[in-house]
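Accompanying notes for the structure given below.
The values are calculated or read from the model by the stated rules, or taken from the named source; none is laboratory data. Keep in mind it's a predicted model, so treat the numbers as computed, not measured. Please note: Cβ atoms are built from the backbone with ideal geometry, for glycine as well, and neighbour counts cover all protein chains shown.
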Amino acid sequence: MTLRPSLPALSLALMVAIFSQLPQAAIAKALSIPVGQQGKPNTQNHAPTGGMSMQQVESVFGTPTTEIGPIGQPAIYYWEYANFTVYFEGDVVLHSVLER
């Protein structure tokens, strides 16, 4: 006479095997970096912020090395400086991108 496990017993054994692996997948390592070792903000490569006018950008950052535009409608311009490029819609800054 051979013993055959019942279907509910096999299902229970399979569920226990599967669910016993789940807690291991949810464990993560915590990375703690002391404040003194964290990166300092980059203050030398500052660039214009959104909402500034062309006149404000030029008075703060000087004359750009290259001025491109207008392109399209609404008019998009971009000014290139040594460390960043500024994108304008009309005469208002949309975004600045730092060069690497």
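Residues are listed down the side, and each one gets a yes or a no for (1) modelled with pLDDT under 95; (2) of a type outside the set (S, T, N, Q):
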site	(1), (2)
Asn45	yes, no
Ala82	yes, yes
Glu89	no, yes
Val92	no, yes
_Neighbours by Cβ (under 7 Å, 6+ apart or cross-chain): first from the stretch 56-79, under 15 Å from Val92 (Cβ atoms); second part of a loop (DSSP other than H, G, I, E, B) and of a type in the set (D, E, K, R)_ = none
*Specify which of the listed residues (Pro23, Pro8) is out of contact with any Gly (no Cβ under 6 Å at 6 or more places or on another chain) and modelled with pLDDT under 70.*
Pro23
